[in-house]
Amino acid sequence: MLNNILLAAAVTIPTTPLCAPILAEEVTSPKTIPTVSSPTAFVGGLGETGSMPPTMALYSKSVANNIACRNAARSKFFELGAKDMSSSNENAQWGTIGTNMRALVWCRETQVIIAVTGYNYNSVSEARDEIVKAF
């Protein structure tokens, strides 16, 4: 019975002129994408640090709930002077600390995941440890 229903559904897939070109043609982007000539050009484009590679520091910890986690993250971001912050009702709170460090606090049910990225490992680790103190 189920096989007959699936077969009937497959046979009745619309093949109107509106659907046919999408299914039959290959889609190409009208925009050209520039290629990177060397890894140095790519890394140099990430910031003003030249050939210094980016750094990331992570941390995970248990929390009571999402709402308390979001509030703690936002108040810590305000304390650190973060800008370009996310909306206050999102479980992923992020912001820019200083000129080139990005911090993310992801509140997932009873766990918080903290990630900080930048170009200096010591600075990134310090920012991560400071955000961890809020939890």
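The values are calculated or read from the model by the stated rules, or taken from the named source; none is laboratory data. What you are looking at is a predicted structure, and each value in this text was computed from that prediction instead of being measured. Please note: Cβ atoms are built from the backbone with ideal geometry, for glycine as well, and neighbour counts cover all protein chains shown.
Could you check the range 101-131 and list, in sequence order, the residues that are among the charged types (D, E, K, R), under 19 Å from Met52 (Cβ atoms) and either in contact with a helix residue (DSSP H, G or I) (Cβ under 8 Å, 6 or more places away or on another chain) or not in a strand (DSSP E or B) (or both)?
Taking the range 101-131 and keeping what is among the charged types (D, E, K, R), we get 102, 108-109, 126, 128-130.
Among the residues that remain, those that are also under 19 Å from Met52 (Cβ atoms) are: 102, 126, 128.
Residues satisfying the conditions are Glu126, Arg128.
Just for the range 80-98: of the residues that are touching a residue at least 24 places away in the same chain (Cβ under 8 Å) and on the phi < 0 side of the Ramachandran plot, which one is surrounded by the most Cβ atoms within 10 Å (Cβ to Cβ)?
Across the range 80-98, the extreme among qualifying residues is Ile97.
Quick one: which of Ser75, Ser37 is at pLDDT 90 or above and loosely packed, with under 14 Cβ neighbours inside 10 Å?
Working: Ser37 fails: at pLDDT 90 or above.
After applying the criteria, what remains is Ser75.
Kindly establish whether Glu90 is part of a loop (DSSP other than H, G, I, E, B) and under 22 Å from Ala64 (Cβ atoms).
So Glu90 passes the test.
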